[in-house]
Ligand code: SF4
Ligand code: SF4
């Protein structure tokens, strides 16, 4: 099959929909609205109608149905007829891009800030948006940046600790892709990732010129900015002597591993470099599995005080193909369980359903109240597990799970952390 035939097969896959409704119970937006308009099946039906001109549709209504899709991928996994729902929705979002946000809206300003390489703009935009009055007026949530950005204008090279000077063990060289949020908003997660890697004998290269992975843009239908950002990242890591590129953000790995190959085509500039970059990029948990297979003895740490936690599996991380669990923690949270096993003093509690957190990139900014309803449902299962901490591994999930205003009472607030930060801390304590 040629590339374009393949793309067309994806676009026309709406013809495979038999309206069985299997995708309905897994869709977060359908679950809280119980409205077909916000369901995978409803969206597929709208796209088919729009594409075949069966009847005129109100563009703003179709745009709303598409813009409320979180691109969580849950529907694709259960569809028995191989309807490529996400591809269809992304394609429709691109088609409708001309009906984009008002340029003075919070979402338009956020997108501008994310595209900006000087992180100062991103930080200032989010700081302004988190002023209570502005926040109240815009009815949007914005996290507070933790402090100085992780990358600041120059490349970094971190030497592996305990590197084998005798050269007996082959050096493992990795690049680190921080993503804009773990660089500008939660820089501690980037430094915890790098320190966990170097303590396990990996040397790490961090290029200054990397930027946003592009997910907020493609989820807004802006394919041009998405491709520009992808090429910028490819160039930042190009010709560097590294075997792997690691990210600690599930949404970045979804964007780079899944969307870069599906949304670039062979006529695009840098197509083969984009594919190579995509193949080289691994989420942090898959990388630790590889290290273990390569015979690295992954270090064990210990927390000062015993603690329990739930791990929220980001939609973009769940069900990695071909993974076989070998411990309780792995059967609970997939590959991330390998690192949970290495933290003495951490006890993971199960979540009943592992519902979506309601973030969905720009969904949480554009449709804050809708998003909060999905987050509320998430907190019901978290509260049922009654854990002291929430752990996860995605920048978007961290936003939504930290935004407990209006969901939990302040005194009930549960701290949210990245599992890699717990691991890094356990290695120091
Ligand atoms: S599961 Fe697939 S075939 Fe069934 S309604 Fe949903 S999209 Fe259509
Ligand atoms: S990708 Fe997620 S939000 Fe979008 S239609 Fe599918 S299940 Fe619903």
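Key figures for this structure:
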| read-out | value |
| --- | --- |
| Those residues of region 60-79 which are within 14 Å of ligand 1 (Cβ to nearest atom), free of Cβ contacts under 8 Å to residues at least 60 places away in the same chain and surrounded by fewer than 16 Cβ atoms within 10 Å (Cβ to Cβ), in sequence order | 78 |
| Residue 90 vs. criteria in a helix (DSSP H, G or I) and more than 24 Å from residue 317 (Cβ to Cβ) | no |
| Conditions (1) under 17 Å from the mean Cα position of the chain (by Cα); (2) surrounded by fewer than 24 Cβ atoms within 10 Å (Cβ to Cβ); number of the one not met by residue 390 | (2) |
| Residue match in region 83-93 (condition: near ligand 1 (Cβ under 10 Å from one of its atoms), more than 23 Å from residue 372 (Cβ to Cβ) and modelled with pLDDT under 85) | no |
| Answer residue from region 40-59, given it is within 23 Å of residue 361 (Cα to Cα) and in contact with a helix residue (DSSP H, G or I) (Cβ under 7 Å, 6 or more places away or on another chain) and is farthest from ligand 1 (Cβ to nearest atom) among those | 59 |
| Members of region 378-387 that are buried (at least 18 other Cβ atoms within 10 Å of the Cβ) and either touching a residue at least 40 places away in the same chain (Cβ under 8 Å) or in a strand (DSSP E or B) (or both) | 378, 382, 387 |
| Odd one out for residue 306, checked against (1) free of Cβ contacts under 8 Å to residues at least 60 places away in the same chain; (2) out of contact with any helix residue (DSSP H, G or I) (no Cβ under 8 Å at 6 or more places or on another chain); (3) outside the structural domain of residue 341 (by TED's automatic domain parsing) | (3) |
| Every residue from region 298-329 that is at pLDDT 95 or above and under 13 Å from residue 285 (Cα atoms) | 298, 313, 314, 329 |
| Sole exception among (1) part of a helix (DSSP H, G or I); (2) modelled with pLDDT of 95 or more for residue 369, by number | (2) |
| Matching entry among 280, 293 (being out of contact with any helix residue (DSSP H, G or I) (no Cβ under 6 Å at 6 or more places or on another chain) and modelled with pLDDT of 95 or more) | 280 |
| Hey, residue 31 away from ligand 2 (no atom under 11 Å from the Cβ) and at pLDDT 95 or above or not | no |
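The values are calculated or read from the model by the stated rules, or taken from the named source; none is laboratory data. Quick caveat: nothing in here was measured; it's all calculated off a predicted structure. Using ideal geometry, Cβ is built from the backbone for each residue, glycine included, and neighbour counts are taken over all protein chains shown.
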